[in-house]
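The values are calculated or read from the model by the stated rules, or taken from the named source; none is laboratory data. None of these values were measured; they are calculated from a predicted model. Positions of Cβ are backbone-derived with ideal geometry, glycine not excepted, and every protein chain shown enters the neighbour counts.
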Amino acid sequence: MDLSEKEIATLHTSIKIRQKQIRDLHATESEKKKTLCACEASLAILEKIEYKLLQESGNESVDYSDFSVLLVDDVASAREYAKLLLQRLGFCQIDEADDGHTAIVKIKEKNIQFGKTLPYDLVLCDLNMPTISGIDVLKLIKKETKYSRIPFIIITGDKDKKNLIEAIEAGVSDYITKPINEVDFMMKLNKILR
């Protein structure tokens, strides 16, 4: 199937609208899950098409060396693996936090680099953490106007769609399932950070 970049952008927009409708939907949890599954399937197909187009155009590599990332996970080995993937993709500025509280402190205390408007270009945050969960971190960040534009990706091994629906309603940019697939990881980062 050959789609132009404009057609892909249109599809992407329509899927994002569907996701917003989930947030606004005054429906049962079952209806929300059904709509979310349809969005996920559409996004998966779209992401594969986008990745193929990136490969064909020769623009698959993005220079991430100037991007700053906050990686939040209470499991050290999970942080190390995600950090390794980020480094493979060219990220050099990676800060880590082992819990939600530390993440919020780092965001608020980080000096904004010259020429940038946000303390981080991306936050990658585990969903299930003790004390302050990834969704709670997301909500706290999105509540503060000066941080609300930071792209936020939830990383989860949780199969419960209710948590993903809550994350979408809270304004998550995307989510990645564990174990992290490197190609999916790259596609999602390219989509969010372009």
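Hey, can you tell me all the residues within the range 98-119 that are of a type in the set (Gly, Ala, Ser) and under 18 Å from Lys139 (Cα atoms)?
Gly100, Ala103
Residues Asp174, Asp121, Asp95: which one is within 14 Å of Val72 (Cβ to Cβ) and among the acidic types (Asp, Glu)?
Of the residues listed, the single one that is within 14 Å of Val72 (Cβ to Cβ) and among the acidic types (Asp, Glu) is Asp95.
Here's a check for you: in the range 70-93, which residue that is modelled with pLDDT of 95 or more and among the aliphatic types (A, V, I, L, M) is surrounded by the most Cβ atoms within 10 Å (Cβ to Cβ)?
Taking the candidates together, the pick is Val72.
Tell me the residue from Ile165, Ile141 that is out of contact with any strand residue (DSSP E or B) (no Cβ under 9 Å at 6 or more places or on another chain) and of a type in the set (Val, Ile, Thr), please.
Selected residue: Ile165, the only one of Ile165, Ile141 that is out of contact with any strand residue (DSSP E or B) (no Cβ under 9 Å at 6 or more places or on another chain) and of a type in the set (Val, Ile, Thr).
Could you list all residues from the range 98-149 that are within 27 Å of Met186 (Cβ to Cβ) and of a type in the set (Phe, Trp, Tyr)?
Hits for the range 98-149 are Tyr120, Tyr147.
Is it the case that Ala27 is outside the structural domain of Val172 (by TED's automatic domain parsing), in a loop (DSSP other than H, G, I, E, B) and modelled with pLDDT under 90?
So Ala27 passes the test.
State all residues of the range 134-151 that are closer than 25 Å to Glu31 by Cα and surrounded by 20 or more Cβ atoms within 10 Å (Cβ to Cβ); if no residue qualifies, say none.
Gly134, Ile135, Leu138
Between residues in the range 156-168 that are over 14 Å from Asp136 (Cα atoms) and residues that are among the aromatic types (Phe, Trp, Tyr) and surrounded by fewer than 19 Cβ atoms within 10 Å (Cβ to Cβ), which pairs lie under 6 Å by C-beta distance while being six or more apart or on different chains?
No pair meets every condition.
From the list Leu127, Leu46, Leu122, exactly one residue is of a type in the set (A, V, I, L, M), touching a Leu at 6+ places or on another chain (Cβ under 8 Å), crowded, with 17+ Cβ neighbours inside 10 Å and modelled with pLDDT of 85 or more. Which is it?
Leu122
So, in the range 168-181, of the ones that are small (Gly, Ala, Ser) and surrounded by 16 or more Cβ atoms within 10 Å (Cβ to Cβ), which residue ends up farthest from the chain's Cα centre (by Cα)?
Across the range 168-181, the extreme among qualifying residues is Ala170.
Mind counting the residues in the range 127-161 that are assigned to a helix (DSSP H, G or I) and acidic (Asp, Glu)?
1
Working carefully through the options Ile107, Ile112, Ile165, find the one that is surrounded by fewer than 17 Cβ atoms within 10 Å (Cβ to Cβ) and either modelled with pLDDT under 95 or in a strand (DSSP E or B) (or both).
Result: Ile112 is the single residue among Ile107, Ile112, Ile165 that is surrounded by fewer than 17 Cβ atoms within 10 Å (Cβ to Cβ) and either modelled with pLDDT under 95 or in a strand (DSSP E or B) (or both).
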